[in-house]
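To start, the structure itself, in structure tokens.
Derivation of every value follows stated rules applied to the coordinates shown; laboratory data play no part. Everything numeric in this text was worked out from a predicted model, so none of it was measured. Note: ideal-geometry Cβ built from the backbone for every residue, glycine included; neighbour counts use all protein chains shown.
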Amino acid sequence: MRLSALHPRKGSTDQSLLAATLSLTFGTAVLTWWAIGDQSIAGMDPNQLCYAVGPIHLPSVVEAVLAGVGAVLAVLSVLTFGWHAIHRRVDWRWWPALLMLQLFAAMAASGGRVVTAGVIGVNIGAGLIILFGGPIMLALLISASVLIEKIMVPRTQRPEDS
């Protein structure tokens, strides 16, 4: 018997959970980036600092709006997952994928703040983020993507062995 026959709304549930996962991942990244803030050395002229990657200069109003949008997306995503979990429509494989993507988002946002920090001399943190954080983030992203693909794509029935 096919899984879709047991769960007639499985496809729409998976699509809403995928949307909630992506929204929560975006919200996590934006909120982490906003909460950490600029890590440049305070009290110095920004033109005298060294940057591994130049920072994006956004007005504080735009940062606040982005943080608000990230917070709204995160709350709506958590509510979506909660509603589906209460109604027992969440495949258990969503939880590890969700956790991996949230770790990826938090690491990417915090790594972005470190890489764009203005320092005196060499930004050693940027090198460490790229050297160690990059492979970890890549592994998290690939693992979560493979897991979500296994959840979203229905398993074909295997022919019986003769």
If each of Asp38 and Ile120 carries a label point 7 Å out from its Cα toward its Cβ, how far apart are those two points in nm?
-> 1.8 nm
Note the angle between two axes, namely the Cα long axis of helix 134-152 and the longest principal axis of the Cα atoms of the chain, as a number of degrees from 0 to 90, rounded to the nearest 10.
-> 20 degrees
Stretch gain in nm, segment Leu131-Gln15, where the contour uses 0.36 nm per residue and the Cα spacing is subtracted = 38.3 nm
So the angle from the long Cα axis of helix 60-86 to the longest Cα principal axis of the chain, reported in degrees to the nearest 10, equals 20 degrees
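Wrap a convex hull around the Cα atoms of the chain, take a quarter of its surface area, and give that in square nanometres.
On the way: hull surface 50.2 nm².
Over every viewing direction, the Cα hull of the chain projects on average to 12.5 nm².
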Lys/Arg +1, Asp/Glu -1 at C-beta; the stretch 50-162 dipole; positive extreme among Thr116, His84, Phe104 = His84
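Determine by what factor the alpha-carbon radius of gyration of the stretch 59-108 differs from 2.2 N^0.38 Å, reporting the quotient. Write down the numbers at each step before the final one.
Values: Rg = 13.8 Å, N = 50, 2.2 N^0.38 = 9.7 Å.
Compactness ratio reported: 1.42.
More than 16 Å apart: what percent of Cα pairs in the stretch 20-105 qualify?
Tail of the P(r) past 16 Å holds 62 percent of the pairs.
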